[in-house]
Amino acid sequence: MDSTSGGTAAPDPSSGEPGPSAAAAGSSSASQPRQKPEGSSPPAPPSRYESQKRRDWNTFLQYLKNHKPPLTLARCSGAHVIEFLKYLDQFGKTKVHITSCPYFGHSNPPAPCSCQFKQAWGSLDALIGRLRAAYDENGGLPESNPFGARAVRIYLREVREGQAKARGIPYEKKKRKRPNFAVAAASVSVEAAAAGSNSGGGEESGGGDSSAAATTAAAATTTV
C-alpha cells in the first residue's frame, strides 16, 4: 500500500519547513503576552507639593512673558517679585479691612463690607518658598535668587503685620521647645561621679571626679 495514499505525510527535514508541532508551539508562544522584566515598575507620580511648585513656576514664567516690557528670568529682581505678589491679590479670597472700615480689627464681622479681597499672608509666604526652591532647581544661582531678596522678606513681614491688625488675627510664631538632653547628661555625670567616689580610690581621685562632674553640671545649666 502506498504510504502517500492516506494520513498526513511527514515533513521533509531538508525542506526547511516547520512541522505541525513546531508551528503550534510558535503560535502559542506568540499568543502569550510578554512578561515585563523585574524591577521596571512605573515611576511614582509627583507629590502634591511638587505638582503645585511646577504650576507656580509656570505661572510666574508666564507673568514675566506677559509683562510690559517682557522680562527674562535673568533680569528679574525682588521688585518684580513684589509686583507679582500684588498682581495675585486680585485672585485672593481673604477679606482685608481698611482702616476706615467699621470692622477694622474684627475677626468675625457681623455684616459684609466693601473691602477688597487679597491673598492671605500664609499663602504668599508658602508661594515664595516654592518659587525659591524652583528657581534653584532650574539652574538659578542661590546668591541671585530674587525670591530670597531682602525686599521680598520685608514686604511679606509688612503684609503679615497689616493683615493681623486688619483682621484682628495675630500671627504668633511657634515657640520651639528647648531640649533637656544637657540636663539629663549632667545628672548622669553627677551620679556616676558620686558612685565612683563612694566606691573608694582615695580622697584625691574622688575629689577630682566630683569637680569634673560639677563642672559638667554647671556647663549644662549654663547652656539650658
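The values are calculated or read from the model by the stated rules, or taken from the named source; none is laboratory data. Model, not experiment: these values are computed from the prediction. Note that each Cβ is placed from the backbone with ideal geometry, even for glycine, and that neighbours are counted across all protein chains shown.
Among the residues of region 113-161, which ones are closer than 17 Å to Thr59 by Cα and among the hydrophobic types (A, V, I, L, M, F, W, C)?
If the condition is that a residue be closer than 17 Å to Thr59 by Cα and among the hydrophobic types (A, V, I, L, M, F, W, C), then Leu124, Ala126, Leu127, Ile128, Leu131, Ala133, Ala134, Phe147 are the ones that fit.
Which residue pairs have Cβ atoms closer than 6 Å, lie 6 or more positions apart in sequence or on different chains, and pair a first residue in region 34-58 that is under 13 Å from Leu131 (Cβ atoms) with a second residue that is modelled with pLDDT under 95 and assigned to a loop (DSSP other than H, G, I, E, B)?
Correct list of pairs: empty, since none qualify.
Inside region 90-106, can you point out the residues that are in a loop (DSSP other than H, G, I, E, B) and buried (at least 16 other Cβ atoms within 10 Å of the Cβ)?
Listed by number, the residues that qualify are Val96, His97, Cys101, Tyr103, Phe104.
Restricting attention to region 62-89, report how many residues are of a type outside the set (Gly, Ala, Ser) and within 20 Å of Arg160 (Cβ to Cβ).
9
Residues that are within 19 Å of the chain's Cα centre (by Cα), surrounded by 13 or more Cβ atoms within 10 Å (Cβ to Cβ) and polar (S, T, N, Q): does region 108-125 have at least one?
Yes.
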